[in-house]
Amino acid sequence: MTVLIAAPRGFCAGVDRAIKIVELALERHGDPVYVRHEIVHNRFVVERLRALGAVFVTELDEVPAGRPVVFSAHGVPKSVPAAAEDRGLAYLDATCPLVSKVHRQAQRLMEEGRHILFIGHAGHPEVIGTFGQVSSGSMTLIESVEDIAALDVSDPGNLSFLTQTTLSVDDTAEIVAALHARFPAIKAPRGEDICYATSNRQAAVKAIAPRCDRMLVIGAPNSSNSLRLAEVAERLNVPARLIQRASEIDWAWLGTPAVLGLTAGASAPEVLVREVLDALAERFTVREEETGHIPENMVFKLPRELVA
């Protein structure tokens, strides 16, 4: 079996930064350090940090006074840090800087008096966090082209749009085209909101899919960018499965493909890629081939209070 390993894959700069924030907070403050929600969408990462002393909670009222709390990479509504300050909690914001950029754009657009159409998935933490940056009623969620046709807009000349950072590049392009078609005056973001890591990982899957009989994507079922990778492969007529780690491989489904594609979402560590390759090697004679090679050199600064 030839295994085509997509490159790039796995951790992005935002995920790497968020994990380091928790690790450094534990070094600086000792355990426990509290984390509101999963720091990133990956069970393996969460369990490793839990073993180091991180305590994951749903809401701030579960954090005892005097202990630091970290906000996840997906971003939080403004009300969350405000509530932390009201309680006197020391907090560290691990929001990905590319998500924070979208937050700032939303704030500026609201201040301009524009209504924002936000392309994203209902219920995703990033969407909840972004909606929490603006006043109620100033933003409308768009999940599909069909949603655009159903829109009732009072001032079509005063619209803008933003997007979640982990969407399908192709789906979003279709939605954006439909927005421009219906609302020619709509204001677009200054730059692409879908992050470089999401775009690059989807491009890497597209590069290898034509050669593959099957595709495995390592990632969590609640990870938007990982789900999109499996969708990209399926749209290219390559059967794909999302797995969290090697133990979830469905060997009956996998069969005996001559060429297997392998990639990992932006929250999945490289150790899980190696784990899957080792599991494959126990059953097949495997020839590994890394392909794609879109260079990624992005690094995000850590909070000053952790590096001072």
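The values are calculated or read from the model by the stated rules, or taken from the named source; none is laboratory data. Computed from a prediction, not measured in an experiment: that's the story for all the values here. Glycine gets a Cβ as well: all are built from the backbone with ideal geometry, and neighbour counts include every protein chain shown.
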When ALA7 is run through (1) surrounded by fewer than 18 Cβ atoms within 10 Å (Cβ to Cβ); (2) in the same structural domain as GLU282 (by TED's automatic domain parsing), the failure sits at (1)
Scanning segment 140-164 residue by residue, those assigned to a strand (DSSP E or B) and farther than 24 Å from THR95 by Cβ turn out to be LEU159
For segment 70-97 the number of residues that are under 15 Å from GLY30 (Cα atoms) and under 21 Å from the mean Cα position of the chain (by Cα) is 2
Residue count, segment 88-121, condition within 13 Å of ALA73 (Cβ to Cβ) and small (Gly, Ala, Ser), comes to 2
Note on HIS41: of the conditions (1) touching a residue at least 40 places away in the same chain (Cβ under 8 Å); (2) at positive phi; (3) not aliphatic (A, V, I, L, M), unmet is (2)
For segment 165-184, the count of residues that are over 14 Å from VAL153 (Cβ atoms), in contact with a helix residue (DSSP H, G or I) (Cβ under 7 Å, 6 or more places away or on another chain) and assigned to a helix (DSSP H, G or I) equals 3
Restricting attention to segment 118-139, the residues that are part of a loop (DSSP other than H, G, I, E, B) and either within 23 Å of VAL169 (Cβ to Cβ) or basic (Lys, Arg) (or both) number exactly 5
The residue that is farthest from LEU167 (Cα to Cα), considering only those in segment 232-289 that are touching a residue at least 40 places away in the same chain (Cβ under 8 Å) and of a type in the set (Asp, Glu), is GLU288
The condition of being out of contact with any strand residue (DSSP E or B) (no Cβ under 7 Å at 6 or more places or on another chain) and either over 19 Å from PRO303 (Cβ atoms) or loosely packed, with under 13 Cβ neighbours inside 10 Å (or both) holds, among GLY137, GLY129, only for GLY137
Pairing a residue in segment 217-231 that is touching a residue at least 40 places away in the same chain (Cβ under 8 Å) with any residue that is in a helix (DSSP H, G or I) and not polar (S, T, N, Q), where Cβ atoms lie under 6 Å and the two sit 6 or more apart in sequence or on different chains, gives VAL217/LEU229; VAL217/ALA230; ILE218/LEU272
When every residue in segment 50-67 that is more than 24 Å from the chain's Cα centre (by Cα) and either on the phi < 0 side of the Ramachandran plot or touching a residue at least 60 places away in the same chain (Cβ under 8 Å) (or both) is compared, the one surrounded by the most Cβ atoms within 10 Å (Cβ to Cβ) is VAL63
Across segment 152-171, the tally of residues that are crowded, with 19+ Cβ neighbours inside 10 Å and among the β-branched types (Val, Ile, Thr) stands at 3
